[in-house]
Each structure stands twice: as C-alpha cells, then as structure tokens.
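The values are calculated or read from the model by the stated rules, or taken from the named source; none is laboratory data. The model shown is predicted, which means the values in this text are computed figures rather than measured ones. Every residue, glycine among them, receives a Cβ derived from its backbone with ideal geometry; neighbour counts consider all protein chains shown. Quick note on the areas: whole protein, heavy atoms, side chains included, nothing else; ligands and nucleic acids left out. Shrake-Rupley method; radii C 1.70, N 1.55, O 1.52, S 1.80 Å.
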Amino acid sequence: MRCPFCRTDNDKVIDSRASQDGFSIRRRRECLGCKRRYTTYERVEEMSIKIVKKDNVREPFMPEKIKKGLALACWKRPISESQIESIVSGVESDIYVECEGEVESHYIGELVMRHLQKIDQVAYVRFASVYREFKDVHDFVDELQPMLNTPRSPTQP
C-alpha cells in the first residue's frame, strides 16, 4: 500500500478490526518512510449491480448517492451520521442479498424509505416528497395519512 503522504510503498499494519457494517476491515497503517499514520478499508469485491432508472437508462450502483439524498432529507433533524451510514449499509445489504445484476431505482427508493421511516418521520416525508415527486399538498397529505391514523406511543410528544 502506498503512503498517501510521501508515496512510499513500505508500511506496517498497526491495528485491524471489522467495520460497523461487518462487510469490511478497517486497518490503521504507519508509513515506514515518513512515520505518518493513515486508515485503509478492505472489502470483498461485490458483483456489479446496475440501477435501472425510470427512463430505462442503466448506471452503476453508487451508495454515495443514497447517502447524499439521506443527508438532504435529514438536514437539521436529530439524526447522526452513524444512523445515516447504518441506513446506507442496510439498503446496500438488502440490494446485494435480494438482487442479482440489475435493480430498479424505485425499489431502492422504497428500501430507503422503509429504513428511514423507523428513524424519523419528518426526514421520511422529506425524502418521499423528492423521491415520489410530490406535485402539491394533497400528495403530502396522502403520504401522511397512514401515519396520522396510527396512535402515538406514550414517548411521542
């Protein structure tokens, strides 16, 4: 592994541990040239998944796009970065377990919404409004109606 600082190809592994999602190994390394430390991740090379968009265009699956959409939906909400990472990991795991080769974009959106609804209803509605392309307030009401019909738990304000 080349050092990102001095480009020397001589390092040692100081620490290795499984990452939070359990699908990669996090390694702390020390460059034997400049003595600086850096982190690398090792993961199993997954099969290539293509996303089939609404217009039938196919593009590579990129979990970063899910994370970006979640970050926007969760803006100024009490949702931590680790919760967002957990949703992305969960959706990614679901896709690799249930899909082979190609997956439709609407399926990914539904997975994200299923995970997000368990964490924060406001972020869920924000995500749904973009994902489902709400045109007016009636679309919001239609999405909120099932949530409004369920009784609140004692811990909800």
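Rounded to the nearest 20 debye, the dipole size of the chain about its Cα centre is 1000 debye, using +1 on the Cβ of Lys and Arg and -1 on the Cβ of Asp and Glu. The ellipsoid that matches the Cα gyration tensor of the chain has semi-axes, each √(5λ) in whole angstrom, of 38, 20, 14, with the longest given first. Count the DSSP beta bridges whose two residues both fall in segment 5-157, then state the antiparallel fraction as a percent rounded to the nearest 5. DSSP beta bridges in segment 5-157 are roughly 85 percent antiparallel.
Computed over segment 1-94, relative contact order equals 16 percent, with contacts defined as Cα pairs under 8 Å that lie 6+ residues apart.
Applying the Karplus relation 6.51 cos²θ - 1.76 cosθ + 1.60 with θ = phi - 60° to segment 122-129 yields 3J(HN,Hα) values of 5, 4, 4, 5, 4, 5, 4, 5 Hz, where x marks Gly and Pro.
Highest mobility in the GNM of the chain, judged by mean-square fluctuation with C-alpha springs under 10 Å and restricted to V130, V88, V44, is found for V44.
Can you give the accessible area per residue of segment 86-157, in Å², using a 1.4 Å probe?
Values: 4590 Å² over 72 residues.
Accessible area per residue: 64 Å².
Summarise the accessible area of segment 26-70 (1.4 Å probe, protein heavy atoms) by the percent that is carbon and sulfur.
Working: 1590 of 3210 Å².
Summing carbon and sulfur atoms, their accessible area is 50 percent of the total for segment 26-70.
Seen from all sides and averaged, what is the projected area of the convex hull of the Cα atoms in segment 91-145, in nm²? Please report the intermediate quantities before stating the final value.
Working: hull surface 16.6 nm².
With the hull built on Cα positions only, its mean projection is 4.1 nm².
In µm²/s, what is D for segment 1-70 at 20 °C and 1.002 mPa s, where D = kT/(6 pi eta Rh) by Stokes-Einstein and Rh is the Kirkwood radius from Cα pairs? Reported coefficient: 145 µm²/s. With a threshold of 25 Å on the Cα-Cα distance, the over-threshold entries among K67/K118; K68/K135; K35/K68; K53/K76; K54/K76; K50/K118 are K35/K68; K53/K76; K54/K76; K50/K118.
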